[in-house]
Amino acid sequence: MSKAAAMPRSETGRMPAGVRTLLLRPEAPALIFLVLLAIVLAFSAEGFLDPANLEDNIARVVVLGVIALGVNQVVLSGEIDISVGSMLGLCAFAVGAVGESQGGLILPLLAGIGTGVVAGSVNGALVTLGRIPSIIVTLGMLYALRGMILVITGGRWITNIPSDTRALGLQSVAGVSVPVIILVVLLVVVELISRNSTWGRNVFAVGGNRRAARFAGLSAGRTRFLAFVLVGVLTGIAAAIYVGRAGGVQTNAGQGLELQVVAAVVVGGTSISGGRGSSVAAITGAVLIGVILNGLVLLDVPAEWQSAMLGALILLAISTDALRRRLLREQPS
Amino acid sequence: MISAAVPRRLKLSRELVLLAILVALVIALSLMSPVFLTISNFLNTSRFFVEIGLVALGMTLIIITGGIDLSVGAGLGLVSVALGFTFKAGLPLPLALFLGVGVGLAGGYFNSLFITKLDLHPLVVTLGTLALYRGLALGLSRADAVSNFPGWFAYFGQFYLGAVPGQLIVFIVAVAIVWVLLARTRYGRYVYAIGNNEQAAHFSGVPVARVKTALYVGTGLLVALAAIIYTSRVSTARADSGTGLELDVISAVVLGGASIYGGSGTIAGTVLGVVIIATLRNGLTLAAVATTYQVLILGLLLIVAVFLNEFFRKTEE
């Protein structure tokens, strides 16, 4: 961060300090891009500014955003988690199955979170204790968990989920839908933990320079393990929202979501090499993806092009991050 | 610390363990299915593992340099769509095939641009191009399929020389070329040098960026070859061809002993890994184990393989 603060002194020297600090936030480029895109869409795409459409933009990325909050911490700690697509599917089945047999909201939610915590702990243990690279662990888990869904359910879909189990996806308070409220609350909670708790600070330290963090006496293993567990907790909550909104669970639930989550995190401005970023960045990235997908629909772009847009967006984001790092390195300090 | 002979014997034991696994697999699977242990079944199996095997050759070299390429499955889909749909649009098939090869090379070069010019981690780059290539394939084909190829196109994936499938011969030739390249040329030494210590390699005069570019472009070529064989074998060009291929390929390479951290790995090991995975897939199918279980088993196998690998490496040290 000290390096970042030294960077654009020449160009921004006359700016008020507050504005400069804001512009140097990791999520600043994505936020500016989001605002510009919204302005363009407001003029070109009919119906974009409808309040219902605006809320739908956020509501559709709640599941993505909640999981991105967790994966963001993993990326900050210098690791990656690409198992979340299958993890969401498995958690959604836990929520759906318990909801189907027991009803209610609390038990299914706990079942979802519990499943997520177990899966996240396995990821974390294999990475930290097994010393296997996180990309391999979570790639393997992406397939193993999807296989488990198919084995456990035998390909059966869950369809008749009682409405009280679906509360997190269906209800709204004072005109704002519950998923959006949950997203905002979780954003505040995770950002506070990330900024103010010991673990939150350790995540930045371990991701920024693991050796230095270890020499300073931090437990790099425990810090990263807890980040993987957090992904599990948040994926469990996201699963309850997913089941609530979808009303059923298919065996392919969450397929491909891991790409969108990683895209949200890096597009938002969290550095893929760890140590730099914020929860706001992850949510900005998620909303940006939601707005882009919404814009594609409003502009009548066929749905088949969505994946290509997503890929181009990831590449654009990581290239910008790389250029930013290069500029920082070339700047005399 | 330890004499040079000891690591050599232990290194042998890693490949022996792989062979033992293969033998155990063959015995177990032949007990589960009577048709498993027959020559015709083995030759038949080889038709299916050549696509994985070809791509695994390139992936081995990439993994030895400490890189990874997750975009190979999507690349296969894109090449398949490129050749199928330009053919449908009226391009003569030989030209369409060349175009497919060009797309494969371009895909690999595009990956290498981000990795060498921008110094980005191959993992994120190829995660992005995975989505991009698959998306381009879906968008260009509009999720449609092409299947009315002329009869001679079947040669690439359905040709037999006696009882030997044609693609097995292609694979053996490719194995020989890549093995010589890796074990017997200066270029091969560069690949190991980069994987052991990229900075040291750079300061020792190894053209790191050029070697890496060549690797990703070469893998693109192998992906294009695999795509042509695959498209011919199933007589269909579709955007979702090769979905999940990267898992099979990476599993095979890692099972074969290449370290995911770079610096070690052999072609012999990779070929063994490919055969084990193909045997497992074929045997499980013959034993009527549902494909859903196969996904689970493959995922677990990947994790166990890496775990065993690092365990072996520690004993070697």
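The values are calculated or read from the model by the stated rules, or taken from the named source; none is laboratory data. Note that the coordinates shown come from a computational prediction; the quantities given were computed from them, not determined experimentally. Cβ coordinates were reconstructed from backbone atoms using ideal geometry, including for glycine residues, and neighbour counts include every protein chain displayed.
The figures follow:
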{"quantity": "Among residues of the range A:98-137, those that are β-branched (Val, Ile, Thr), more than 10 Å from every other protein chain (Cβ to nearest Cβ) and surrounded by 19 or more Cβ atoms within 10 Å (Cβ to Cβ), counted", "calculated": "6"}
{"quantity": "Filter result (within 13 Å of chain A (Cβ to nearest Cβ) and in contact (Cβ under 8 Å) with a residue 60 or more places away in the chain) within the range B:86-111", "calculated": "B:Gly107, B:Asn111"}
{"quantity": "Residue within the range B:48-60 that is surrounded by fewer than 24 Cβ atoms within 10 Å (Cβ to Cβ), of a type outside the set (S, T, N, Q), at pLDDT below 90 and farther than 25 Å from B:Glu246 by Cβ present", "calculated": "no"}
{"quantity": "Single unsatisfied condition, A:Val95 versus (1) aliphatic (A, V, I, L, M); (2) within 14 Å of chain B (Cβ to nearest Cβ); (3) crowded, with 24+ Cβ neighbours inside 10 Å", "calculated": "(2)"}
{"quantity": "Residue among A:Thr223, A:Thr198 that alone is hydroxyl-bearing (Ser, Thr, Tyr) and closer than 21 Å to A:Gly130 by Cα", "calculated": "A:Thr223"}
{"quantity": "Count of residues meeting criterion [touching a strand residue (DSSP E or B) at 6+ places or on another chain (Cβ under 7 Å) and either over 17 Å from A:Ile152 (Cα atoms) or part of a loop (DSSP other than H, G, I, E, B) (or both)] in the range A:243-264", "calculated": "2"}
{"quantity": "From the options B:Glu317, B:Glu310, residue that is within 14 Å of chain A (Cβ to nearest Cβ), at pLDDT below 75 and closer than 23 Å to A:Ile135 by Cα", "calculated": "B:Glu310"}
{"quantity": "Flag if A:Ile80 is within 20 Å of A:Val180 (Cα to Cα) and β-branched (Val, Ile, Thr)", "calculated": "no"}
{"quantity": "Which listed residue, of A:Gly65, A:Gly89, A:Gly120, A:Gly116, is under 14 Å from the mean Cα position of the chain (by Cα) and modelled with pLDDT of 90 or more", "calculated": "A:Gly65"}
{"quantity": "Residue match in the range B:72-79 (condition: among the hydrophobic types (A, V, I, L, M, F, W, C), within 12 Å of chain A (Cβ to nearest Cβ), touching a residue at least 12 places away in the same chain (Cβ under 8 Å) and touching a helix residue (DSSP H, G or I) at 6+ places or on another chain (Cβ under 7 Å))", "calculated": "yes"}
{"quantity": "Residue selected from the range A:297-311 under the condition surrounded by fewer than 17 Cβ atoms within 10 Å (Cβ to Cβ) and among the aliphatic types (A, V, I, L, M), by the criterion farthest from the other protein chains (Cβ to nearest Cβ)", "calculated": "A:Leu298"}
{"quantity": "Meets criteria (of a type in the set (Phe, Trp, Tyr) and over 18 Å from B:Pro94 (Cα atoms)) for B:Phe203", "calculated": "yes"}
{"quantity": "Matching entry among A:Ala227, A:Ala239 (being closer than 30 Å to A:Arg156 by Cα, part of a helix (DSSP H, G or I) and at pLDDT 90 or above)", "calculated": "A:Ala239"}
{"quantity": "Selection count where residues are of a type in the set (Val, Ile, Thr) and under 13 Å from A:Gln73 (Cβ atoms), scope the range A:184-241", "calculated": "10"}
{"quantity": "Residues satisfying the stated conditions in the range B:255-305, i.e. among the β-branched types (Val, Ile, Thr) and more than 9 Å from chain A (Cβ to nearest Cβ)", "calculated": "B:Thr266, B:Ile267, B:Thr270, B:Val271, B:Val274, B:Val275, B:Ile276, B:Ile277, B:Thr279, B:Thr285, B:Val289"}
{"quantity": "Qualifying residue in the range B:173-191 (condition: out of contact with any strand residue (DSSP E or B) (no Cβ under 8 Å at 6 or more places or on another chain), closer than 14 Å to B:Gly263 by Cα and among the small types (Gly, Ala, Ser))", "calculated": "yes"}
{"quantity": "Options A:Gly248, A:Gly256; residue that is of a type outside the set (Asp, Glu) and closer than 22 Å to B:Leu138 by Cβ", "calculated": "A:Gly256"}
{"quantity": "Residue count for the range A:269-296, restricted to those that are closer than 20 Å to A:Arg324 by Cβ and either outside any helix (DSSP H, G or I) or within 14 Å of chain B (Cβ to nearest Cβ) (or both)", "calculated": "11"}
{"quantity": "Residue match in the range A:214-227 (condition: of a type in the set (Val, Ile, Thr) and closer than 30 Å to A:Gly275 by Cβ)", "calculated": "yes"}
{"quantity": "A:Ala167 of a type in the set (Gly, Ala, Ser) and either away from chain B (no Cβ under 14 Å) or over 21 Å from the mean Cα position of the chain (by Cα) (or both)", "calculated": "yes"}
{"quantity": "Options B:Leu221, B:Leu215, B:Leu182, B:Leu138; residue that is under 22 Å from B:Ala74 (Cα atoms), among the aliphatic types (A, V, I, L, M) and surrounded by fewer than 24 Cβ atoms within 10 Å (Cβ to Cβ)", "calculated": "B:Leu221"}
{"quantity": "Filtered residue count, the range A:186-214, keeping only those that are among the charged types (D, E, K, R) and out of contact with any helix residue (DSSP H, G or I) (no Cβ under 6 Å at 6 or more places or on another chain)", "calculated": "3"}
{"quantity": "Any hit, the range A:238-246, residues being touching a Phe, Trp or Tyr at 6+ places or on another chain (Cβ under 9 Å), more than 10 Å from every other protein chain (Cβ to nearest Cβ) and surrounded by fewer than 20 Cβ atoms within 10 Å (Cβ to Cβ)", "calculated": "no"}
{"quantity": "Selected residue (only one of B:Gly84, B:Gly108, B:Gly104 is among the small types (Gly, Ala, Ser), buried (at least 24 other Cβ atoms within 10 Å of the Cβ), assigned to a helix (DSSP H, G or I) and in contact with a strand residue (DSSP E or B) (Cβ under 7 Å, 6 or more places away or on another chain))", "calculated": "B:Gly84"}
{"quantity": "Condition met for A:Leu186 (closer than 21 Å to A:Ala68 by Cβ, more than 14 Å from chain B (Cβ to nearest Cβ) and either of a type outside the set (Ser, Thr, Tyr) or crowded, with 17+ Cβ neighbours inside 10 Å (or both))", "calculated": "yes"}
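Condition check ((1) touching a Lys or Arg at 6+ places or on another chain (Cβ under 9 Å); (2) part of a helix (DSSP H, G or I); (3) among the hydrophobic types (A, V, I, L, M, F, W, C); (4) touching a residue at least 12 places away in the same chain (Cβ under 8 Å)) across all residues:
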{"position": "B:Gly188", "(1), (2), (3), (4)": "no, yes, no, no"}
{"position": "B:Tyr192", "(1), (2), (3), (4)": "no, yes, no, yes"}
{"position": "B:Ala200", "(1), (2), (3), (4)": "no, yes, yes, no"}
{"position": "B:Gly205", "(1), (2), (3), (4)": "no, no, no, no"}
{"position": "B:Lys212", "(1), (2), (3), (4)": "no, yes, no, yes"}
{"position": "B:Leu215", "(1), (2), (3), (4)": "no, yes, yes, yes"}
{"position": "B:Leu221", "(1), (2), (3), (4)": "no, yes, yes, yes"}
{"position": "B:Ala224", "(1), (2), (3), (4)": "no, yes, yes, yes"}
{"position": "B:Tyr230", "(1), (2), (3), (4)": "no, yes, no, yes"}
